[in-house]
Amino acid sequence: MELERNPVKAVKLLAESLVLFRDKRGHLGLLAEACAHRRASLVYGIPENEGLRCAYHGWLYNAEGRCLDQPGEPAGSTFKNQIKTTAYPVQELGGLIFSYLGPEPVPLLPRYNVLVWDDVAGETNGTVIPCNWLQEFLARHAPSPMKKVRFDLFEHGIIERHMINNEEDESWRTGAPSFFPTTSLLGSPGGKSGSIIFVAPIDDTHTWFLLHMASRVSQLAAQESIPFFDVPGVDEAGKFITDTANGQDHMAVVSQGNITGRDLEHLGASDRGIILYRELLVEQMERVERGEEPMNVYRDPAKNHIIDLPAITPDGRI
Amino acid sequence: MELERNPVKAVKLLAESLVLFRDKRGHLGLLAEACAHRRASLVYGIPENEGLRCAYHGWLYNAEGRCLDQPGEPAGSTFKNQIKTTAYPVQELGGLIFSYLGPEPVPLLPRYNVLVWDDVAGETNGTVIPCNWLQEFLARHAPSPMKKVRFDLFEHGIIERHMINNEEDESWRTGAPSFFPTTSLLGSPGGKSGSIIFVAPIDDTHTWFLLHMASRVSQLAAQESIPFFDVPGVDEAGKFITDTANGQDHMAVVSQGNITGRDLEHLGASDRGIILYRELLVEQMERVERGEEPMNVYRDPAKNHIIDLPAITPDGRI
Amino acid sequence: MELERNPVKAVKLLAESLVLFRDKRGHLGLLAEACAHRRASLVYGIPENEGLRCAYHGWLYNAEGRCLDQPGEPAGSTFKNQIKTTAYPVQELGGLIFSYLGPEPVPLLPRYNVLVWDDVAGETNGTVIPCNWLQEFLARHAPSPMKKVRFDLFEHGIIERHMINNEEDESWRTGAPSFFPTTSLLGSPGGKSGSIIFVAPIDDTHTWFLLHMASRVSQLAAQESIPFFDVPGVDEAGKFITDTANGQDHMAVVSQGNITGRDLEHLGASDRGIILYRELLVEQMERVERGEEPMNVYRDPAKNHIIDLPAITPDGRI
């Protein structure tokens with residue numbers, strides 16, 4: 001866990017500059033980076049017992065964004081009560097820290113299988129990809145040439161299947177389900193190991209690609225904390241590192257340009273996954289415009305016990 | 001003195017690209033960087049006995065911007081007499097070089113105490129700060145939390161006082177006077193050492209922070225020339241260096257952004273210095289608009305003998 | 001030859017991002033960098049027996065830009081026949097690779113002397129100059145102060161002559177002819193060695209300066225391939241390298257700015273070369289606007305046998 005080394009971290013999400021911190025009691029907070037007083041960066045702030053204190057004039061904020069102290073103001077001043085900075089709810093699961101930046105009421109944090117297991121060894125890799133999130137996420141729906149490829153809609157998004165040998169391939173039977181809008185799960189239903197990919201929009205031209213891998217070992221052997229690695233996308237000469245499948249994907253999506261010209265593409269029959277996802281995205285945006293909730297907003301704890309990979313029935317249905 | 005190492009130096013001030021040089025007689029000049037002939041940079045120019053010669057086609061300019069020679073033109077040509085490039089008056093004081101970029105008539109160069117002393121050892125530090133000059137200069141009027149803080153207008157600008165122990169503190173009795181618009185003096189009236197800060201606008205988003213420190217030693221021990229150091233604002237990883245008070249200030253003002261959103265601030269009682277300075281700035285701009293001269297334009301040599309720190313009277317008045 | 005090390009190379013010309021490759025048969029191709037399928041960069045493509053295959057989904061293009069294979073599409077699909085990507089004709093001469101990006105019909109590749117000789121030892125140097133091509137090429141018409149300088153129009157462009165000692169100087173008798181629009185030849189007519197400069201526009205603010213030098217040795221001693229060197233324009237501190245004549249020119253033209261303000265120049269009698277070339281450029285653009293061909297479009301092989309330096313007659317005419 002990265003915050004163990006340094007309890008304050010700059011984070012940019014959805015084009016908002018934020019600061020994530022853990023206070024001395026261990027509570028997490030995610031605040032606007034700029035101090036409400038005179039806009040100095042809270043990345044240089046100091047965690048206190050409760051909250052984060054700005055290094056400039058010492059204003060102290062708690063995780064709700066409330067200002068608890070203004071040392072320069074006269075005794076008895078109520079000025080601090082008028083201050084409320086941007087703050088987002090933060091939650092920890094499986095060694096990762098999640099936040100919700102949307103409208104109230106806050107939904108449940110989806111409990112994907114690899115995050116819920118409490119007996120795992122694993123790691124998380126992060127890479128900043130200099131292109132927009134959609135371009136990056138569509139790499140999940142654009143398979144390399146295989147014997148056979150198939151894309152299916154399911155209740156949570158799209159399943160991509162590809163056959164390397166035969167119908168017994170895990171990549172064919174279970175496939176790689178993507179959970180709308182930006183999560184992918186890999187592994188087998190009820191399996192002993194798995195991985196999950198999160199594609200987090202930093203801003204219109206940058207995306208945080210997060211790959212989290214976990215294997216169930218035993219509660220005795222389980223890691224106390226999950227290590228995090230910053231994985232570079234390019235080498236020192238600025239060339240893409242194409243030794244790994246993810247590196248190859250990054251080359252492909254970034255070399256398209258920051259925001260590629262969709263009108264210049266030529267989509268074929270094998271691009272059904274791309275088309276399916278784009279249609280799904282438009283459909284879900286229309287739902288939101290009508291005031292409805294999009295796919296995968298969890299509010300019922302019973303349905304959020306554990307989100308596993310979808311099992312396929314013998315007749316090929318999910 | 002920097003020009004001893006290299007007698008030609010690129011300088012950007014008020015968004016103008018200029019070249020400072022010392023010719024072989026020792027005279028200083030400050031010219032537009034682009035040669036009037038074909039716009040090559042005079043930073044690569046060669047100082048001659050009188051003036052600076054462009055390395056491209058050899059046009060020679062004196063410190064008044066007049067073209068003295070055009071080697072490629074026919075003998076007897078008067079073309080050079082038509083050429084006059086931008087040139088600003090330059091003056092040396094206390095080991096520093098000053099220029100005046102405003103309208104005529106040129107006022108006197110203010111003779112601040114540490115610059116006038118001729119028996120000093122000291123040094124000058126310079127840091128390029130990537131934000132606008134006002135944001136940087138306001139750091140002078142925004143003290144860290146202290147026992148007691150006070151800001152007073154005086155005839156040359158604003159005095160900031162803060163108490164660490166009691167009323168005998170130098171920081172309370174003398175305080176830190178800032179001379180409108182962008183100069184600060186530190187030390188004690190008639191003292192043996194002092195320092196001066198100049199905040200020079202490079203362009204709208206860059207500021208040259210200059211700290212000059214001098215201690216009176218004796219004419220025998222005095223330095224022949226004042227060393228100049230480029231002090232970085234950030235370390236190799238791009239993080240602010242916050243081990244020094246000035247480094248902390250730079251972090252605070254730069255992390256606000258290049259030009260911060262003043263409308264997003266929340267000023268309290270302790271921010272009286274910020275408000276005072278902004279009011280003073282507006283008032284002085286209005287004076288200039290009415291055709292009057294702003295504060296601190298020195299024209300009477302008698303009043304410019306030596307500008308010392310203001311002495312405070314026993315009843316607390318200046 | 002650079003492609004020997006890596007058979008695929010990114011090239012930007014006239015603001016078009018392209019990819020140059022040599023396939024396994026040895027044929028050259030120059031294609032749009034972005035794959036027509038989903039815009040991934042073909043710089044990461046793999047040369048095949050015929051053509052270049054995109055590393056993303058395996059589309060294969062030949063040198064004419066035709067799509068030969070789409071492995072993901074169903075057997076029997078004719079989708080590939082609809083795909084035609086941008087492709088330009090490429091030709092090799094004297095160890096250099098040339099392309100033509102203009103309208104049809106494709107003219108002949110000019111056969112300049114140093115490129116035609118087949119018994120040479122030499123090298124090619126390339127430098128990317130961060131300014132527009134015209135500014136860079138005008139350095140060819142702006143001599144340093146000399147005893148005497150003269151510019152003459154001739155049937156292919158402009159000859160610059162300068163005298164160092166007397167009328168027997170090669171630089172006076174033959175001079176440096178520039179072939180409209182962006183080529184310069186140096187040496188002597190029918191000589192044993194020579195050099196040629198190509199100024200290739202990368203985009204509006206970048207120019208590829210290519211200097212090719214060749215000496216006739218003997219067919220036995222001739223090089224099998226001409227080495228290519230990337231010559232930096234600036235040192236590690238970002239200062240221009242002014243130890244060479246070309247480095248000095250680069251300093252002069254780049255320090256003028258990316259696209260310099262021509263209206264801020266002051267041209268004298270010695271700038272006749274600059275004026276001549278600008279007039280020639282306007283005149284040739286007007287020809288093209290009228291639907292005529294500009295200077296130096298070769299269509300008759302007889303006139304393109306070998307383009308040598310113009311010989312000067314005893315009475316000083318060409």
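The values are calculated or read from the model by the stated rules, or taken from the named source; none is laboratory data. No experiment lies behind these values; they were computed from the predicted model shown. Cβ: placed from backbone, ideal geometry, glycine included. Neighbour counts: every protein chain shown.
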| Looking only at the range B:59-72, which residues are surrounded by 19 or more Cβ atoms within 10 Å (Cβ to Cβ) and within 11 Å of chain C (Cβ to nearest Cβ)? | B:Trp59, B:Cys67, B:Gln70, B:Gly72
| query | Which one of B:Val254, B:Val234 is over 27 Å from B:Leu153 (Cα atoms), under 22 Å from the mean Cα position of the chain (by Cα), within 14 Å of another protein chain (Cβ to nearest Cβ) and not small (Gly, Ala, Ser)? | reply | B:Val234
| query | Only one residue in C:Ser188, C:Ser193, C:Ser171 is under 29 Å from C:Val217 (Cα atoms) and touching a helix residue (DSSP H, G or I) at 6+ places or on another chain (Cβ under 7 Å), so which one is that? | reply | C:Ser188
| field | Hits in the range C:124-144 (condition: in a loop (DSSP other than H, G, I, E, B), surrounded by fewer than 19 Cβ atoms within 10 Å (Cβ to Cβ) and modelled with pLDDT of 85 or more) | value | C:Pro130
| request: Scan the range A:1-36 for residues that are out of contact with any Phe, Trp or Tyr (no Cβ under 8 Å at 6 or more places or on another chain), surrounded by 15 or more Cβ atoms within 10 Å (Cβ to Cβ) and modelled with pLDDT under 95 and jot them down. | output: none
| said: Looking at the structure I just gave you, is C:Ala245 closer than 25 Å to C:Leu186 by Cα, exposed (fewer than 11 other Cβ atoms within 10 Å of the Cβ) and within 14 Å of chain B (Cβ to nearest Cβ)? | reply: yes
| task | Considering (1) closer than 22 Å to B:Glu2 by Cα; (2) buried (at least 17 other Cβ atoms within 10 Å of the Cβ), say which one B:Pro232 fails and leave the rest. | result | (2)
| message | Report every pair of residues separated by at least 6 positions or lying on different chains whose Cβ atoms are under 9 Å apart, first residue within the range C:263-274 and within 7 Å of another protein chain (Cβ to nearest Cβ), second part of a helix (DSSP H, G or I) and of a type outside the set (S, T, N, Q). | response | C:Glu265/C:Asp271; C:Glu265/C:Ile274; C:His266/B:Phe79; C:Gly268/B:Phe79; C:Gly268/B:Lys80; C:Ala269/B:Phe79
| For C:Ala10: the one exception among (1) away from chain A (no Cβ under 11 Å); (2) under 29 Å from C:Val116 (Cα atoms) | (1)
| said: When you scan the range C:261-275, do you find a residue that is modelled with pLDDT under 95, exposed (fewer than 15 other Cβ atoms within 10 Å of the Cβ) and over 18 Å from B:Ala40 (Cβ atoms), even just one? | reply: yes
| said: Quick check on the range A:131-153. Is at least one of its residues of a type in the set (Asp, Glu) and closer than 14 Å to A:His250 by Cα? | reply: yes
| field | Filter result (in a helix (DSSP H, G or I), facing chain C (nearest Cβ under 10 Å) and loosely packed, with under 15 Cβ neighbours inside 10 Å) within the range B:73-98 | value | B:Gln82
| task | For C:Gln284, indicate whether it is more than 11 Å from chain B (Cβ to nearest Cβ) and in contact (Cβ under 8 Å) with a residue 40 or more places away in the chain. | result | yes
| request: Might you check whether a residue that is closer than 19 Å to A:Ala222 by Cα and over 16 Å from the mean Cα position of the chain (by Cα) occurs anywhere in the range A:127-149? | output: no
| C:Ile46 farther than 15 Å from A:His266 by Cα and either more than 9 Å from chain A (Cβ to nearest Cβ) or not hydroxyl-bearing (Ser, Thr, Tyr) (or both) | yes
| message | Within the range C:38-59, does at least one residue satisfy the condition of being under 30 Å from C:Glu293 (Cα atoms) and touching a strand residue (DSSP E or B) at 6+ places or on another chain (Cβ under 9 Å)? | response | no
| If you take the residues in the range C:147-173 that are touching a strand residue (DSSP E or B) at 6+ places or on another chain (Cβ under 6 Å) and of a type in the set (Val, Ile, Thr), which one is farthest from C:Thr183 (Cα to Cα)? | C:Val149
| remark: Subset of the range C:151-174, residues over 25 Å from C:Met285 (Cα atoms) and either aromatic (Phe, Trp, Tyr) or in contact with a Phe, Trp or Tyr (Cβ under 9 Å, 6 or more places away or on another chain) (or both), comes to C:Arg161, C:His162, C:Met163, C:Ile164, C:Asn165, C:Asn166, C:Trp172
| task | Quick one: count up the residues across the range A:49-58 that are away from chain B (no Cβ under 13 Å) and either of a type in the set (Asp, Glu) or buried (at least 20 other Cβ atoms within 10 Å of the Cβ) (or both). | result | 3
| Residue among A:Ile196, A:Ile226, A:Ile259 that alone is within 14 Å of another protein chain (Cβ to nearest Cβ) and β-branched (Val, Ile, Thr) | A:Ile259
| said: Restricting to the range B:169-206, give me the number of residues that are modelled with pLDDT under 90, surrounded by 19 or more Cβ atoms within 10 Å (Cβ to Cβ) and among the small types (Gly, Ala, Ser). | reply: 3
| note | Note on the range A:110-123: residues in a helix (DSSP H, G or I) and crowded, with 20+ Cβ neighbours inside 10 Å are A:Asn113, A:Val114, A:Leu115
